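Read the structure below first, then the notes.
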Amino acid sequence: MRIDHFDVFNLRFEYPNAVGFHYAGGTCTARLTSVVRVVTDTGHVGLGSAYAHPALVQLVVKEQLEPLLRGKDPREVEARWEEMYGLTRWYGRKGAAVSAIGALDIAFWDLRAKAADKPLWKLLGGKEASCPAYASGLLWKSYDSLAAEASKHLERGFRRMKMRMARSEEYDTQAVRAIRKAIGPKNDLMADAGMRYGVDLATRVGKVLEEEKVFWFEEPFKPEDYDRYRAMNGRLRVPIAAGENEFGLQGFTELMTAGWVDIAQPDACRCGGLTEALRVAKLAATLDVKIAPHTWSDAVALHANAAMVASIPHGLTVEVDQTGNPFIEKLLAEPLVVRDGRLKLSDKPGLGIELDMKVVESLKMADPLRIPEGNYSDMVFGPSHWTPAGPYKEGVA
Ligand SMILES: [Mg+2]
């Protein structure tokens, strides 16, 4: 089996009236993702995805990696990873380049498992065709609306959900209480500060999260802010989660050893593929850190991350965007199934998923290198959509 070519589909959709949700980064108007397809000379197809600047992903994959990897065996995943990492080292290591090589790496794993005629989760050592999953949503809205949304997640089969904070100390604490009241004590709630707290505020809000028995306290600080992560050591009983904005084994090593986290969140479509996410997971096991990958971009990434969670004993749960994202809900030929808090995984070989090409065609950007202005949740294009973080002065330590 040899690599013939790579396809990159840069996808975009806009929320109705260009208002998806409000959050600490402003108003999200639209979303982006890059799905890749690795096509082999045997006619086999592997799928992967990258969540990064789509134009950069397109250039790295098509202009640099495709000519150099054509004719090589995609089943030799680790060898291909080393080549890709070496090829992009000068401008890569963190950011869009390592996310782009991760997209191809996921597709190579898909092909390796297909060649072995095994579902990927099984090839990686998983025992069960499902893994724990949580609803990700609960962005800034009224307390009543948060309670109503939380109940809807339970009706859809979730037993765990994540909310967003970093609006004001008053809002953050009241919102946590409103959702806890709505879902009762038996379901899990996670709270995300989106890197916008200081140590004092994290300690004060963290005490409320403890009282409300929050399952984890996500990203109080920026990923490189090791001093603040270290300062939280021993201050709170609520577990600290971080890592969605970190890349590569080295980055996670620093975060988990120089800083202080209880739960690492490597996202295969951002941090360098499944190969690198599994290396992070291996190190995490030695440090007694659990793994709960971030996933916010698309259903291909979700299945890759879910395969990892299903295959490692310290795999905690996987994130499922519930903001009405068609890359999650409509991109695949078969819909996602969540029952009793678990995401169903496919019994078919590889990732066990197929793209709905009609949906891909309808969401494909007209020019993969030109991104229309908008707030894309994590990426912002155009000055009118840029909302700098703040104004959280009261808690900055
Ligand atoms: Mg987060």
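The values are calculated or read from the model by the stated rules, or taken from the named source; none is laboratory data. It should be emphasised that the depicted structure is a prediction, and the values quoted were computed from it without experimental measurement. For neighbour counting, all protein chains shown are included, and Cβ atoms are generated from backbone atoms with ideal geometry for every residue, glycine included. To get the accessible areas, we keep the full protein, side chains included, count just its heavy atoms, and leave off ligands, DNA and RNA. Shrake-Rupley method; radii C 1.70, N 1.55, O 1.52, S 1.80 Å.
Things to note:
- Residues in the range 110-117 include none that are open to solvent by less than 10 Å² (accessible area, probe 1.4 Å), in the same structural domain as Glu246 (by TED's automatic domain parsing) and touching a residue at least 60 places away in the same chain (Cβ under 8 Å).
- Within the range 88-109, the set of residues being over 30 Å from Ala193 (Cα atoms), in contact (Cβ under 8 Å) with a residue 60 or more places away in the chain and not aromatic (Phe, Trp, Tyr) comprises Leu104, Asp105, Ala107.
- Subset of the range 238-259 (residues that are of a type in the set (Asp, Glu) and either assigned by TED's automatic domain parsing to the domain that holds Trp81 or open to solvent by less than 10 Å² (accessible area, probe 1.4 Å) (or both)): Glu246
- Among the residues of the range 167-190, the ones that are modelled with pLDDT under 95 and open to solvent by less than 10 Å² (accessible area, probe 1.4 Å) come to 0 in all.
- Which numbered condition Asp262 misses (of (1) open to solvent by 10 Å² or more (accessible area, probe 1.4 Å); (2) out of contact with any Pro (no Cβ under 7 Å at 6 or more places or on another chain)): (2)
- Number of positions in the range 225-242 that are away from the ligand (no atom under 14 Å from the Cβ) and in contact with an Asp or Glu (Cβ under 9 Å, 6 or more places away or on another chain): 5
- Leading residue by the ranking (surrounded by the most Cβ atoms within 10 Å (Cβ to Cβ)) among those in the range 210-224 that are more than 15 Å from the ligand (Cβ to nearest atom) and modelled with pLDDT of 95 or more: Glu212
- Set side by side, the residues Leu302, Leu351 differ, and just one is in contact with an Asp or Glu (Cβ under 9 Å, 6 or more places away or on another chain) and farther than 18 Å from Lys162 by Cβ, which is Leu351.
- Among (1) of a type outside the set (Phe, Trp, Tyr); (2) closer than 24 Å to Leu316 by Cβ; (3) open to solvent by 10 Å² or more (accessible area, probe 1.4 Å) - the single one Ala193 does not satisfy: (3)
- Strands (runs of 3 or more DSSP E) enclosed by the range 1-71 - at least 1 residues per element that are open to solvent by less than 10 Å² (accessible area, probe 1.4 Å): 3-14, 26-28, 30-40, 45-50
- Qualifying residues in the range 265-286 (those that are outside any helix (DSSP H, G or I) and within 16 Å of the ligand (Cβ to nearest atom)) - the one surrounded by the fewest Cβ atoms within 10 Å (Cβ to Cβ): Asp267
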